[in-house]
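**Q** First, the structure itself, so that you have it in front of you.
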Amino acid sequence: MSTTRQPSEDRTEAIAAQVEDAYQRAAPLRIVAGQSKSFLGEPVAEAATETLAVHAHSGVVSYDPGELIITARAGTPLRDIEAVLAENHQRLAFEPPHYGPTATLGGTIATGVSGPARPYAGAARDFVLGCRIVNGRGQVLRFGGEVMKNVAGYDLSRLMAGAHGTLGVLLEISLKVLPSPRAQLTQVFEHEAPEALAAFSAWAARPWPISGAYWEAGRTHLRLSGAQASVDAARDALGGEPLDEDQSFWSGLREHERDFFKRGDMPLWRISCAPASPMAKLSGTWSLDWGGAQRWLVSDAPAETVREAAATHGGHATLYRGHDKPRQHPLSAAHVAVHRRLKAAMDPAGILNPGRIGV
């Protein structure tokens, strides 16, 4: 049965009118909402002196627990959406980080961030069914729908995930949600980093209900989530020591509240690579997430050195905390060309968050 909730405020017309006016004047716009993820991506160009605020465009438009679908406006606080889902024992399976109490649904999808469950449940973009946006001309467009299906050509709704608002201003997003697991526990093992990587690979080959795999400071944490019987069977086969209060552990990891991420002004790097890639020979302190596919490095090594080391293993490095620019790993010429063609099609005057993704 579908449940429709009274939206807080529909500002579609006002947002579209502001974008259309800016398009006519070729005036760059800085899109803002909760600002909890403003440190991600590149800084918006200084020429964007006009602000387009979307946080007031909020509210859950519809929610159908039976169909596992929720549609909400982009300015809806992420915590409100999670609270609505929790009432029906459901969740956002990609476990999005908030990075602050003001996080919104639009900012979450625009930055494309996912939490510890990402390798096992899917990325943010995998759960986007459809969206409404305002393009760079001020036109209101709808992409996708409210069913999971194959599409021909560009899946423009999912293309919005990680675009940082450069291809359109998100108005509404429809998401696939999943039931919350009936059981969850975390087992802890003593490993050095190479041993942890080997263990991650071995565990991934087994039919166990893994939902998180993280290593830090000689300790590997493996989260199991699902039916009680399968979780218990995996625990018995794996061994290890149980972790008390594992909910707070994974929440602290997701939100970067662990001490590892609190190193003052030391640069924090996110290195994305194949899970089985060997550890890069870089100075600093490491942690491993996503079963080895997402690696965090606190280091004062030069940016060029970090990026070269990541590229050696087919990966890329993003600066999460620090003053070097660019923050993102430079794109290849072919990728830059694709980005520019998409930008020209969706935002011909280049007014939406110019410079946010460095293209």
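No lab work stands behind these numbers, since they all come straight from the coordinates. Owing to the predicted nature of the structure, the values given are computational and were not obtained by experimental measurement. Note that each Cβ is placed from the backbone with ideal geometry, even for glycine, and that neighbours are counted across all protein chains shown.
**Q** Kindly provide the set of residues from the range 233-249 that are out of contact with any Pro (no Cβ under 9 Å at 6 or more places or on another chain), assigned to a helix (DSSP H, G or I) and closer than 21 Å to A93 by Cα, ordered by number.
**A** Hits for the range 233-249 are D246, Q247, S248, F249.
**Q** Look through Y63, Y23 and report the one residue that is farther than 14 Å from L105 by Cβ, among the hydroxyl-bearing types (S, T, Y) and touching a residue at least 24 places away in the same chain (Cβ under 8 Å).
**A** Y23
**Q** If you check L175, L224, which single one turns out to be more than 30 Å from A14 (Cβ to Cβ) and either surrounded by fewer than 17 Cβ atoms within 10 Å (Cβ to Cβ) or under 24 Å from the mean Cα position of the chain (by Cα) (or both)?
**A** After ruling out the rest, the residue left standing is L224.
**Q** Please determine whether any residue of the range 215-231 is part of a helix (DSSP H, G or I) and closer than 23 Å to P97 by Cβ.
**A** No, every residue in the range 215-231 fails to be part of a helix (DSSP H, G or I) and closer than 23 Å to P97 by Cβ.
**Q** List the number of the failed condition for G291; all other conditions in (1) outside any loop (DSSP other than H, G, I, E, B); (2) under 30 Å from V19 (Cα atoms) hold.
**A** For G291, the failing item is (2).
**Q** Taking Y23 as the residue in question, decide whether it is aromatic (F, W, Y) and under 23 Å from A124 (Cβ atoms).
**A** no
**Q** With the requirement that a residue be crowded, with 17+ Cβ neighbours inside 10 Å and either touching a helix residue (DSSP H, G or I) at 6+ places or on another chain (Cβ under 9 Å) or among the β-branched types (V, I, T) (or both), what does the range 299-319 give you?
**A** Within the range 299-319, S299, V306, G315, A317, T318, L319 meet the criteria.
**Q** At least 1 residues that are under 27 Å from G291 (Cβ atoms) in each: list the strands (runs of 3 or more DSSP E) lying fully within the range 77-185 that qualify.
**A** Qualifying strands (runs of 3 or more DSSP E): 128-134, 169-176.
**Q** Moving to a separate point now. Please enumerate the residues belonging to the range 314-354 that are within 22 Å of W286 (Cα to Cα) and assigned to a loop (DSSP other than H, G, I, E, B).
**A** Within the range 314-354, G314, G315, G322, H323, D324, K325, P326, R327, Q328, H329 qualify.
**Q** In the range 211-238, what residues are free of Cβ contacts under 8 Å to residues at least 40 places away in the same chain, of a type in the set (A, V, I, L, M) and closer than 22 Å to G122 by Cβ?
**A** If the condition is that a residue be free of Cβ contacts under 8 Å to residues at least 40 places away in the same chain, of a type in the set (A, V, I, L, M) and closer than 22 Å to G122 by Cβ, then L222, A234 are the ones that fit.
**Q** From the list A110, A33, A123, pick out the single residue that is hydrophobic (A, V, I, L, M, F, W, C), in contact with a helix residue (DSSP H, G or I) (Cβ under 9 Å, 6 or more places away or on another chain) and closer than 30 Å to D347 by Cα.
**A** Going through A110, A33, A123 in turn, the sole match is A33.
**Q** Next question. Taking into account only those residues within the range 238-253 that are within 18 Å of A217 (Cβ to Cβ) and surrounded by 12 or more Cβ atoms within 10 Å (Cβ to Cβ), which is farthest from the chain's Cα centre (by Cα)?
**A** Filtering the range 238-253 for residues that are within 18 Å of A217 (Cβ to Cβ) and surrounded by 12 or more Cβ atoms within 10 Å (Cβ to Cβ), the one farthest from the chain's Cα centre (by Cα) comes out as G240.
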